[in-house]
Every structure is written in structure tokens, then in C-alpha cells.
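Structure first, then comments.
The values are calculated or read from the model by the stated rules, or taken from the named source; none is laboratory data. Note that the coordinates shown come from a computational prediction; the quantities given were computed from them, not determined experimentally. Glycine also receives a Cβ, built like all others from the backbone with ideal geometry; neighbour counts cover every protein chain displayed.
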Amino acid sequence: MTTHVPIPVDVLCVGYACVDLNFTGSHHPSADEKMRATSLQTCGGGPAANAAVTVVRLGGTARFCGYLGDDAFGDAHICELQSEGVHVRGIHRGTAPTPIASVLTKPDGARSIVDYRSPSAIAPEDAISLSAYPAKVLLIDGHQPLLSLKLIEEARTLGIPSILDAGSVNDGTQLLFNKVDYLVTSEKFARDLSGENNPRIALAYLDGAAPFIACTWGEGGVYWQDEYGQKHTAAFDISAVDTNGAGDAFHGAFALGVAQGMSPRDNMRSACAVGALTCLKNGARTAIPRKAEVARLLGAAL
């Protein structure tokens, strides 16, 4: 009998996976309005799943762990992840349907999202372990809270850095935000949790939640702090086509930077470049850039 020996990866990404139905249209419909989209693109999505794809496109290695249904959408998403080079052993499948997200994007890049996920579309607490599936970094998005909590505790024991992609205030992110080594939040999370509109004040409100904290602030760039105090990394000046997936790509890039031992300042700049490039194309996963594109943007910005 051949024994399977898991390949160590740079980043273990744990959390949400879905299938995105990406529509483009001239506007967001109002109540009782029926409108025709101008295009449709279908691909896999979800913060942690997209982050795993980002890691691989940037030259790293990644494994994804989360839930997908035993249906055609689940089959298609697994095939897509495998085609990208993401390790998929550890994905839990069940009878609940694969989560679906319908995304409508306007010409200015603004988006609206309607999604569905069954309450039972969740991976069990023992779906994966870092001792069995080694990684240099653990990245979680809060959508598998009990599994993530167990992995954070295991990562701490093994000396593996843990990162939370806190996109919104929900049960998962509230449980996990003060238990990781790197807390990287969206503007929405920081505003909603702190009640503050000023990014520096919102960042100060989160002080003590983690050794390293960052708040992405859209066109305002990223406000972050480490043991040496608050800092700011400016956003790249771009004309966004579609902002969907930019945060997922940012977090994947940042996690790979941690795995590669990049300095926080360089890591922030590189992750900002990845997020910016993702905004230049329609769709989320389909817009995630590759290493050469990021290198060109960083070189042009010098």
C-alpha cells in the first residue's frame, strides 16, 4: 500500500469557497426592476479559495480547506483549483449545495452581491490539521470558525504565523480577530467594529488585538501598525474596472509575503500592487495577477 505524504505548502488557506456568477450591467437595479446584463462570467470564488489561487499565481504553494457540495458546482470548483495548482486534499464535501454568489458590477467598478450558503455547508473541526498538512503560514477568512479556532491553537503550538482576513463583522471574525498573529481587516470591518470613520483612529481602536494589525482603506491605501507604531502604505493610482476579489488577492499576497520572510513595509507594498491589478479586470479570480505583472507594476512605481 502506498502511503500518501502531504506536500508542505507556503500557505494553508481555510474558509469560504463558492461559485461566482459575475454579471456586468449599466446600473444596479432598483426594486421590482428587471434588467439585462451585458456579460456573464462564471468561476470559483470565496476569500480563502481566491487567496490560495493568488499565492500560486505569485509563485508560491497553497492548499485550500473548506466546504464544497457534492454537486456539479463543487466538482467544477475543485477542478478549477487543481488546474491553478492549488492542493485540494482537505476539502470537505457534503449534501448541502455548493455556495453561490451572484455579482453585478457597474462600469465604474462598484458592485452588488447576492449569495446563498446553507447553514450546513461547513467543514468539521477535524477536516485538516497542520501537523498532517504542513504549511509555513495559516490564512483564515472567518467562514469556518470552529475549524479555524482549532488550527490557530495548533499553529501557535507549532510556531506557525496565523493571519485573519476580516472582511466584515460576523460571528466568525468576532470569535477570531483577537487570536491571530496578523489581523488584516477591510475598511468595513474596521468602521463597523470601532464606529470610527478615521482610519488611524479605527486602527488605534484595534490596538492590542494582534501583534500586527492592518486596515485596508480602498483608495486611501493601507493603515497598519506593528511594535514600532502606526504606518501607512499608499494605494496605487488606478482606474478600477471591478473591485471584486481585490481584498482576497491582497490577503493571499500578504500571506505569501509572510511565508517568504518579506519585511512588513515591502510586503504591504507588494500586496497593494496585487490588489490594484485585480481591480483592472472584470471578475474576481479571473482578474488575479501573476508574479510578472506585479513585478512590472512595482518596477514602474519606483
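Given the residues 58, 68, which is the only one that is touching a Lys or Arg at 6+ places or on another chain (Cβ under 6 Å) and more than 24 Å from residue 259 (Cα to Cα)? Give the steps one after another, and end with the answer.
Working: 58 fails: more than 24 Å from residue 259 (Cα to Cα).
Just one listed residue meets the conditions, 68.
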Next item on the list: Name the single residue, out of those in region 28-64 being in contact (Cβ under 8 Å) with a residue 40 or more places away in the chain and charged (D, E, K, R), that is nearest to residue 293 (Cα to Cα).
Entry: 57
Checklist line | Checklist (1) at pLDDT 95 or above; (2) over 17 Å from the mean Cα position of the chain (by Cα) applied to residue 40, failing item | finding: (1)
Notebook entry, point to check: Can you find a residue in region 21-44 that is touching a Cys at 6+ places or on another chain (Cβ under 6 Å) and either surrounded by 13 or more Cβ atoms within 10 Å (Cβ to Cβ) or more than 20 Å from residue 95 (Cα to Cα) (or both)?
Noted result: no
Checklist line | Among (1) out of contact with any helix residue (DSSP H, G or I) (no Cβ under 7 Å at 6 or more places or on another chain); (2) outside any strand (DSSP E or B); (3) within 21 Å of residue 210 (Cα to Cα); (4) not β-branched (Val, Ile, Thr) - the single one residue 175 does not satisfy | finding: (1)
Next item on the list: Provide a single number: the residues in region 268-281 that are in a helix (DSSP H, G or I) and either farther than 10 Å from residue 293 by Cβ or of a type in the set (Val, Ile, Thr) (or both).
Entry: 9
Check: residue 144 fails exactly one of the following numbered conditions: (1) polar (S, T, N, Q); (2) farther than 17 Å from residue 11 by Cα; (3) buried (at least 19 other Cβ atoms within 10 Å of the Cβ). What is the number of that condition?
Finding: (2)
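Every residue, every condition in (1) surrounded by fewer than 23 Cβ atoms within 10 Å (Cβ to Cβ); (2) of a type in the set (Lys, Arg); (3) at pLDDT 95 or above, yes or no:
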{"site": "58", "(1), (2), (3)": "no, no, yes"}
{"site": "66", "(1), (2), (3)": "no, no, yes"}
{"site": "71", "(1), (2), (3)": "yes, no, yes"}
{"site": "75", "(1), (2), (3)": "yes, no, yes"}
{"site": "85", "(1), (2), (3)": "yes, no, yes"}
{"site": "93", "(1), (2), (3)": "yes, yes, yes"}
{"site": "96", "(1), (2), (3)": "yes, no, yes"}
Next item on the list: Could you tell me whether region 222-238 includes any residue that is in contact with a helix residue (DSSP H, G or I) (Cβ under 9 Å, 6 or more places away or on another chain), part of a helix (DSSP H, G or I), modelled with pLDDT of 95 or more and under 30 Å from residue 24 (Cα atoms)?
Entry: no
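Please find, among 216, 286, the residue that is among the hydroxyl-bearing types (Ser, Thr, Tyr) and either in contact (Cβ under 8 Å) with a residue 60 or more places away in the chain or loosely packed, with under 14 Cβ neighbours inside 10 Å (or both).
From the options 216, 286, the qualifying one is 286.
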Item checked: Tabulated pairs, region 150-171, first of a type in the set (D, E, K, R), second surrounded by fewer than 24 Cβ atoms within 10 Å (Cβ to Cβ), C-beta under 6 angstrom, 6+ apart or interchain -> 150/125; 154/130
Next item on the list: Those residues that are within 21 Å of the chain's Cα centre (by Cα), over 20 Å from residue 237 (Cβ atoms) and polar (S, T, N, Q), I need them from region 196-226; list them, please.
Entry: 225
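Can you spot a residue in region 246-267 that is in a loop (DSSP other than H, G, I, E, B), at pLDDT below 95 and under 23 Å from residue 56 (Cα atoms)?
Our first condition is that a residue be in a loop (DSSP other than H, G, I, E, B); within region 246-267, this holds for 260-263.
With at pLDDT below 95 added as a condition, the list becomes none.
No, that holds for no residue.
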